[in-house]
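The values are calculated or read from the model by the stated rules, or taken from the named source; none is laboratory data. Treat the numbers as computed from the prediction; the structure is a model and nothing was measured. Methodologically, a virtual Cβ is constructed for each residue, glycine included, from the backbone with ideal geometry; neighbour enumeration extends over all protein chains shown. Heads up: the accessible areas ignore ligands, DNA and RNA and are worked out on the full protein's heavy atoms, side chains in. Shrake-Rupley method; radii C 1.70, N 1.55, O 1.52, S 1.80 Å.
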Amino acid sequence: MKRNWWKEAVVYQIYPRSFMDSNGDGIGDLKGITSRLDYLKELGIDVIWLSPVYQSPNDDNGYDISDYQAIMEEFGTMEDFDEMLSQAHSRGLKIVMDLVVNHTSDEHRWFVESRKSEENPYHDYYIWREGKNGNQPPNNWGSCFGGSAWQYDESRQMYYLHLFSKKQPDLNWDNPRVRQEVFDMMRWWCEKGIDGFRMDVISMISKTEEMPDGEVHGLYGDFGPYCVHGPNVHRYLREMNEQVLSKYDIMTVGETSGVTVEQAKLYAGEDAHELNMVFQFEHVDVHGKYGKWTDEKMPLSTLKETLSRWQTQLYGKAWNSLFWDNHDQPRVVSRFGNDSPAFREVSAKMLATCLHMMQGTPYIFQGEELGMTNYPFAGPEEFRDIESINAYREWCESKKVSHEEFWPCMLFTSRDNARTPVQWDDSTNAGFTEGTPWIPVNPNYKDINARAELEDPDSVFHYYQKLIALRKQYPLIVYGKYELLMAEDENLFVYTRELDGQKLLTVCNFSEQEQEFVIPEEFRNGECLICNLSNDYSREACVLKPYEAFVLLSS
Ligand code: GLC
Ligand code: CA
């Protein structure tokens, strides 16, 4: 297996709106980020993935871009950006930009032109179709954020495709001029010195020419088979690689939901000449009656099967990302752990151990390193996220399901759980802002905050710091071969890694009960690299406490 810096790196994702506010307007900003770079350095991460900071009307918090070469006013200026980048670089930290090019904002000048007429030079920058039977959308596809995926435009008198909100029209990647515009823009950022791209829903850029009705799940037809991993996606990514990516020493990661292991080898294969790694969701995807809105937990055996399949089948062939949390997912400690005061810290550390001893590039989402939890939303009026707001409207206000039934699902999975402000200290608004935060601060900030954790050597923060340091110390953690043990066990997640005769054992108790475990002989006199509780791991029979986790190196 080739060694690469991005395989050895640990990434920290910043959602700028909620990270740190420097000027009291209640919205996180670039100066706020710069002011916390020392904190990130102390944690030990190598790369920052910055969620979008470009000019945007914020229909989807920056994932709807109206100018790729300007900074969102609320976040600051291009000078602030340059200062942040150079401050990061001077600390040895890299910055990876979010590249959102499946769609733009409807306020982007390309779309403003495109909708004018069929004669306009930008007319085929987006995906336009005639309606069906006069005034019906071209097909039954539903958008990811509710409603039809088609919007009628009065001036152009046609429908345009938007797989996300109607303010996020999809670009037409089949048009070579669109691809050149995107590649030029990417080069411009690379020349500025940024260190890579996280590519938003990149697996959706190529659509099939025919656009038949999709199978109906829930309320609308599914566009998946026609838009996800479409006919030319690999051709376009190879073109991007040849023209831009291969010219710079940068890191690239593609958000590829619904990707199979075989497809991942095409996107992120060692010699595929597309991207460095995929970011896929199989281990966090639980679908219920209302699609993603569910309060069901994935059984541990399923979680183990999924994670292990990716570990073993990509080994030596392609590279994957490791994550529990991001800005689209609820908080991991509430989801797979236990956020009650008795078990929050121990279960947060257990989950971190489980993930960080695997193969792949680990991603930490802001606040995860503090063990931040889901937010106790009182009602739908507290949501800010377009997906959550629309889903509530579509399912509850239209009376397809009762509030009582739907609400627990929203509480468990809403993206806004991840988007409440980072809890810096126990002062008003958790030290995030001196003004009124754009989204409420979690009321548990007096107990859970960075200042308290920095002072406590046993905190979740210091545990993450140690996990990151171990990855730097042992190539085995980065490059070792993975093997799952006790696949059927519904309480323990146990696996080994092996490289050049050295072996590592990771044991995690996912349950609230004690569990018995027999330590394999080769590890009995081994060194304990990290553990979240103290125990005697030199004995054969070991009784693990609730959420206990430990890692042993073979002797
Ligand atoms: C990605 C982003 C998500 C966004 C969507 C549309 O999934 O992670 O936040 O809403 O794409 O850009
Ligand atoms: Ca601000």
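Confirm whether residue 428 is open to solvent by 40 Å² or more (accessible area, probe 1.4 Å), more than 26 Å from residue 44 (Cβ to Cβ) and more than 23 Å from the chain's Cα centre (by Cα).
On the way: open to solvent by 40 Å² or more (accessible area, probe 1.4 Å): yes; more than 26 Å from residue 44 (Cβ to Cβ): yes; more than 23 Å from the chain's Cα centre (by Cα): yes.
Yes, satisfied.
Is it the case that residue 224 is among the small types (Gly, Ala, Ser), within 16 Å of ligand 1 (Cβ to nearest atom) and at pLDDT 95 or above?
Details: among the small types (Gly, Ala, Ser): yes; within 16 Å of ligand 1 (Cβ to nearest atom): yes; at pLDDT 95 or above: yes.
In short, yes.
Of the residues 552, 533, 499, 529, only one is among the aliphatic types (A, V, I, L, M) and in contact (Cβ under 8 Å) with a residue 60 or more places away in the chain; which?
Working: 552 fails: in contact (Cβ under 8 Å) with a residue 60 or more places away in the chain; 499 fails: in contact (Cβ under 8 Å) with a residue 60 or more places away in the chain; 529 fails: in contact (Cβ under 8 Å) with a residue 60 or more places away in the chain.
None of the other options fit; the residue is 533.
Note down all Cβ pairs under 9 Å where the first residue falls in region 476-495 and is small (Gly, Ala, Ser), the second is surrounded by 19 or more Cβ atoms within 10 Å (Cβ to Cβ) and part of a strand (DSSP E or B), and they're at least six residues apart or on different chains.
Pairs that qualify, where the first residue is small (Gly, Ala, Ser) and the partner is surrounded by 19 or more Cβ atoms within 10 Å (Cβ to Cβ) and part of a strand (DSSP E or B), are 480/496; 480/497; 480/503; 480/504.
State whether the residues of region 347-356 include one that is assigned to a loop (DSSP other than H, G, I, E, B) and more than 16 Å from ligand 2 (Cβ to nearest atom).
No, because not a single residue in region 347-356 is assigned to a loop (DSSP other than H, G, I, E, B) and more than 16 Å from ligand 2 (Cβ to nearest atom).
Go through region 96-134 residue by residue and tally those that are at pLDDT below 95 and among the hydroxyl-bearing types (Ser, Thr, Tyr).
Result for region 96-134: 0.
From the residues in region 2-23 that are within 16 Å of ligand 2 (Cβ to nearest atom) and under 17 Å from the mean Cα position of the chain (by Cα), which one is surrounded by the most Cβ atoms within 10 Å (Cβ to Cβ)? Break it down into steps so the answer makes sense when it comes.
Within region 2-23, the first condition is being within 16 Å of ligand 2 (Cβ to nearest atom), and the residues that meet it are 14-23.
Narrowing the set further to residues that are under 17 Å from the mean Cα position of the chain (by Cα) leaves 14-19.
Numbers: 14: 24, 15: 24, 16: 25, 17: 26, 18: 28, 19: 23.
Applying the filter and picking the extreme gives 18.
Does region 345-356 include one or more residues that are at positive phi and buried (at least 23 other Cβ atoms within 10 Å of the Cβ)?
Restricting attention to region 345-356, the residues satisfying the condition of being at positive phi are none.
No, region 345-356 contains no residue that is at positive phi and buried (at least 23 other Cβ atoms within 10 Å of the Cβ).
Is it true that some residue in region 157-179 is touching a residue at least 60 places away in the same chain (Cβ under 8 Å), outside any helix (DSSP H, G or I), polar (S, T, N, Q) and out of contact with any strand residue (DSSP E or B) (no Cβ under 6 Å at 6 or more places or on another chain)?
yes
If you go through region 86-107 one residue at a time, do you hit one that is within 23 Å of residue 167 (Cβ to Cβ), more than 16 Å from ligand 2 (Cβ to nearest atom) and more than 22 Å from the chain's Cα centre (by Cα)? Steps first, answer last, please.
Quick first cut of region 86-107, residues within 23 Å of residue 167 (Cβ to Cβ) only: 97-107.
With more than 16 Å from ligand 2 (Cβ to nearest atom) added as a condition, the list becomes 97-107.
From what's left, more than 22 Å from the chain's Cα centre (by Cα): 106-107.
Checked against the condition, which is being within 23 Å of residue 167 (Cβ to Cβ), more than 16 Å from ligand 2 (Cβ to nearest atom) and more than 22 Å from the chain's Cα centre (by Cα), region 86-107 yields at least one hit.
Only residues that are assigned to a strand (DSSP E or B) and either open to solvent by 60 Å² or more (accessible area, probe 1.4 Å) or within 16 Å of ligand 2 (Cβ to nearest atom) (or both): list them for region 118-150, please. Quick ask: steps written out before the conclusion?
Residues of region 118-150 assigned to a strand (DSSP E or B): 126, 128-129, 132, 136, 141-142, 148, 150.
Across region 118-150, the qualifying residues are 129, 132, 136.
Could you check residue 51 against (1) within 16 Å of ligand 1 (Cβ to nearest atom); (2) open to solvent by 10 Å² or more (accessible area, probe 1.4 Å); (3) among the polar types (S, T, N, Q) and say which number it fails?
(2)
So if I check each of 337, 316, which one is assigned to a loop (DSSP other than H, G, I, E, B) and on the phi > 0 side of the Ramachandran plot? Write out each step before concluding.
On the way: 337 fails: on the phi > 0 side of the Ramachandran plot.
Unique residue meeting the criteria: 316.
Is there a residue in region 66-81 that is open to solvent by 40 Å² or more (accessible area, probe 1.4 Å), under 24 Å from the mean Cα position of the chain (by Cα) and closer than 21 Å to residue 191 by Cα?
yes
Take the conditions part of a loop (DSSP other than H, G, I, E, B), within 16 Å of ligand 1 (Cβ to nearest atom) and aliphatic (A, V, I, L, M) and apply them to residue 27. Does it pass?
no
Checking residue 402 against (1) in contact with a Lys or Arg (Cβ under 8 Å, 6 or more places away or on another chain); (2) hydroxyl-bearing (Ser, Thr, Tyr); (3) open to solvent by 50 Å² or more (accessible area, probe 1.4 Å): exactly one of these is not met. Which one?
(1)
Test of understanding: among 34, 104, which residue is β-branched (Val, Ile, Thr), more than 29 Å from residue 388 (Cα to Cα) and in contact (Cβ under 8 Å) with a residue 40 or more places away in the chain? Spell out the reasoning first.
Details: 104 fails: more than 29 Å from residue 388 (Cα to Cα).
Within the list 34, 104, the selection yields 34.
Just checking, does region 262-283 include any residue being open to solvent by 10 Å² or more (accessible area, probe 1.4 Å), part of a helix (DSSP H, G or I), free of Cβ contacts under 8 Å to residues at least 40 places away in the same chain and within 16 Å of ligand 1 (Cβ to nearest atom)?
Yes: one or more hits.
What are the residues in region 53-85 that are within 16 Å of ligand 2 (Cβ to nearest atom), assigned to a loop (DSSP other than H, G, I, E, B) and within 24 Å of residue 102 (Cβ to Cβ), if any?
Matches in region 53-85: 53, 56, 58, 61, 62, 72.
Residue 389 versus (1) among the β-branched types (Val, Ile, Thr); (2) at pLDDT below 95; (3) under 25 Å from residue 437 (Cβ atoms): which is the lone unmet condition?
(2)
Could you tell me which numbered condition residue 111 fails, if it satisfies all but one of (1) more than 23 Å from residue 72 (Cα to Cα); (2) open to solvent by less than 10 Å² (accessible area, probe 1.4 Å)?
Going through the list (1) more than 23 Å from residue 72 (Cα to Cα); (2) open to solvent by less than 10 Å² (accessible area, probe 1.4 Å), residue 111 breaks only (1).
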